[in-house]
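I have placed the structure first, in the form of structure tokens, so that the comments after it can refer back to it.
The values are calculated or read from the model by the stated rules, or taken from the named source; none is laboratory data. This is a predicted model, so every value here is computed, not measured. For neighbour counting, all protein chains shown are included, and Cβ atoms are generated from backbone atoms with ideal geometry for every residue, glycine included. SASA here: full protein model, heavy atoms, side chains in, ligands and nucleic acids out. Shrake-Rupley method; radii C 1.70, N 1.55, O 1.52, S 1.80 Å.
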Amino acid sequence: MEIISETTRDNDLGRKLKIYREHLTKEIWIIDPGEKTVQIPKLLKEGYKIQKASNGTLKSSIIPGFFIHPEWLFISPRPKVRECFEEILASNELL
């Protein structure tokens with residue numbers, strides 16, 4: 001997971017992202033507070049496919065049952081961690 005900052009943006013989206021891809025990281029979560037988006041490059045057979053959103057639901061393909069609503073990260077006031085966690089647990093069919 002990378003949280004982009006304006007001072008490290010080029011490094012985060014350049015050198016670091018290249019390293020993750022070279023090591024075939026299956027899923028990379030990139031949180032961009034400046035753009036208020038979350039993008040997830042996911043490694044598939046044909047290469048990386050990027051899922052990007054500022055609202056809705058983003059699901060992990062490697063952590064069963066894990067998801068976030070990107071707006072949780074960017075709204076003010078932010079929801080309490082416990083509330084988010086309880087929503088994830090409540091919707092998780094595996095538990």
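Side notes on the structure shown:
- Given (1) in contact with a Gly (Cβ under 9 Å, 6 or more places away or on another chain); (2) surrounded by 14 or more Cβ atoms within 10 Å (Cβ to Cβ); (3) part of a loop (DSSP other than H, G, I, E, B); (4) not basic (Lys, Arg), number of the condition GLU6 does not satisfy: (2)
- Here region 43-52 is the region considered, the condition is being surrounded by fewer than 16 Cβ atoms within 10 Å (Cβ to Cβ) and in contact with a strand residue (DSSP E or B) (Cβ under 6 Å, 6 or more places away or on another chain), and the residue that is farthest from GLU87 (Cα to Cα) is LYS49.
- Single residue of region 15-42 satisfying the filter (assigned to a loop (DSSP other than H, G, I, E, B) and over 22 Å from PHE66 (Cβ atoms)) that is least open to solvent (accessible area, probe 1.4 Å): GLY34
- Subset tally (residues that are polar (S, T, N, Q) and either touching a Phe, Trp or Tyr at 6+ places or on another chain (Cβ under 9 Å) or part of a helix (DSSP H, G or I) (or both)) for region 56-82: 2
- Within region 53-88, the only residue that satisfies the criterion of being of a type in the set (Lys, Arg) and either open to solvent by less than 40 Å² (accessible area, probe 1.4 Å) or touching a helix residue (DSSP H, G or I) at 6+ places or on another chain (Cβ under 7 Å) (or both) is ARG78.
- Close pairs (6 angstrom Cβ cut-off, 6 or more residues apart or separate chains): under 16 Å from LEU17 (Cα atoms) in region 42-53, open to solvent by less than 60 Å² (accessible area, probe 1.4 Å) anywhere: LYS42/GLU27; TYR48/PRO41; LYS49/LYS42; ILE50/GLN39; ILE50/PRO41; GLN51/ILE40; LYS52/THR37; LYS52/GLN39
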